1. Residue check, Ser58 against (1) of a type in the set (Ser, Thr, Tyr); (2) touching a Lys or Arg at 6+ places or on another chain (Cβ under 9 Å); (3) surrounded by fewer than 18 Cβ atoms within 10 Å (Cβ to Cβ), all met but one. Which one?
2. I need a count of the residues in the range 73-106 that are over 14 Å from Leu47 (Cα atoms), in contact with an Asp or Glu (Cβ under 8 Å, 6 or more places away or on another chain) and buried (at least 19 other Cβ atoms within 10 Å of the Cβ).
3. Only strands (runs of 3 or more DSSP E) wholly contained in the range 161-229 count here; list those with 1 or more residues that are over 28 Å from Tyr44 (Cβ atoms).
4. Cβ-Cβ distance below 6 Å, separation of 6 or more or different chains: which pairs start in the range 140-160 with a residue that is touching a residue at least 12 places away in the same chain (Cβ under 8 Å) and of a type outside the set (Lys, Arg) and end on one that is assigned to a helix (DSSP H, G or I) and surrounded by 15 or more Cβ atoms within 10 Å (Cβ to Cβ)?
5. Can you report the number of residues in the range 171-186 which are touching an Asp or Glu at 6+ places or on another chain (Cβ under 8 Å) and either surrounded by fewer than 21 Cβ atoms within 10 Å (Cβ to Cβ) or without any contact (Cβ under 8 Å) to a residue 40 or more places away in the chain (or both)?
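Nothing in this text is a laboratory measurement; each read-out follows from the coordinates by a stated rule. None of the values given here were measured: they were computed from a predicted structure. Cβ: placed from backbone, ideal geometry, glycine included. Neighbour counts: every protein chain shown.
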Amino acid sequence: MRRNKLNTLLQDESLLIGSREEIQKLATKDSARILVVSDSHGAYSNLLLILRQFGVISDALVFCGDGICDISKLISNAVDEDEIKAIIPPVIGIVEGNNDADLYPVRNVLSDEPYYVQLKVPIFNVLEACGQRIYFTHGHRNSLYLGTGEIVSAAKKNNCKIALYGHTHIAAEKLGEVFTINPGSCFRPRGGQKPSFAMLNLTKNIGFECIFYELSISGSKTFFPARTF
């Protein structure tokens, strides 16, 4: 039997996934935890492991591209699997990576007809949480191997002081005019790192911090990225 929580898996006109009520609630919360994941590249089990460990305590999931097939599978499986429904945060943000398409089929969470609907995947998007605007993109169109300058400019253009990205498969953060965060890859890390992801903690009118985790079946542990990019 389908539960009301499935309504939160609908794609809003903003292209965020979640009910309008949950999206607006996130924007004005006093504190929030944003789970940031990227570059799963078909490793659905790794995405599921992260959500089993942190999904319930997260207010939103931002997936920074290259693995939208895993997000599509997650949403489709949630239609029939209670355990998966329970660990999905109420708001999800997705963006297209260089190995992703811009449309993906997902199970229709409201009706059996049509059986599938199309999930639209933008190149970038903005999420609002605790009064903060958060820009996120994959980064493959932003000359990342020359630095994060183009992403910083894009974030500023969208009135955002936080920017999330992926693509390099290297966990990194850099504090400046815009706080840039790359959670690393949860499947194919580079630079000597282990599979990783991040949690962005925000407090309204106070600030934010980012905690990085090395993915582990026995319990993911915090770490400090060895290098910034």
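1. (3)
2. So the count comes out to 5.
3. 172-174, 179-182, 196-203, 207-214
4. Close Cβ pairs satisfying both conditions: Asn142/Glu150; Asn142/Ile151.
5. Going through the range 171-186 one residue at a time, the tally reaches 2.
Listed here are the residues, each with its yes/no results for (1) within 19 Å of Gly65 (Cβ to Cβ); (2) buried (at least 20 other Cβ atoms within 10 Å of the Cβ).
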residue	(1), (2)
Ala129	no, yes
His138	yes, yes
Asn142	yes, yes
Thr148	yes, yes
Asn158	yes, no
Lys161	no, no
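Residue-wise test of (1) over 17 Å from the mean Cα position of the chain (by Cα); (2) polar (S, T, N, Q).
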{"site": "Asn108", "(1), (2)": "yes, yes"}
{"site": "Tyr116", "(1), (2)": "yes, no"}
{"site": "Val121", "(1), (2)": "no, no"}
{"site": "Val126", "(1), (2)": "no, no"}
{"site": "Cys130", "(1), (2)": "no, no"}
{"site": "Ile134", "(1), (2)": "no, no"}
{"site": "Thr137", "(1), (2)": "no, yes"}
{"site": "Gly149", "(1), (2)": "yes, no"}
{"site": "Ala154", "(1), (2)": "yes, no"}
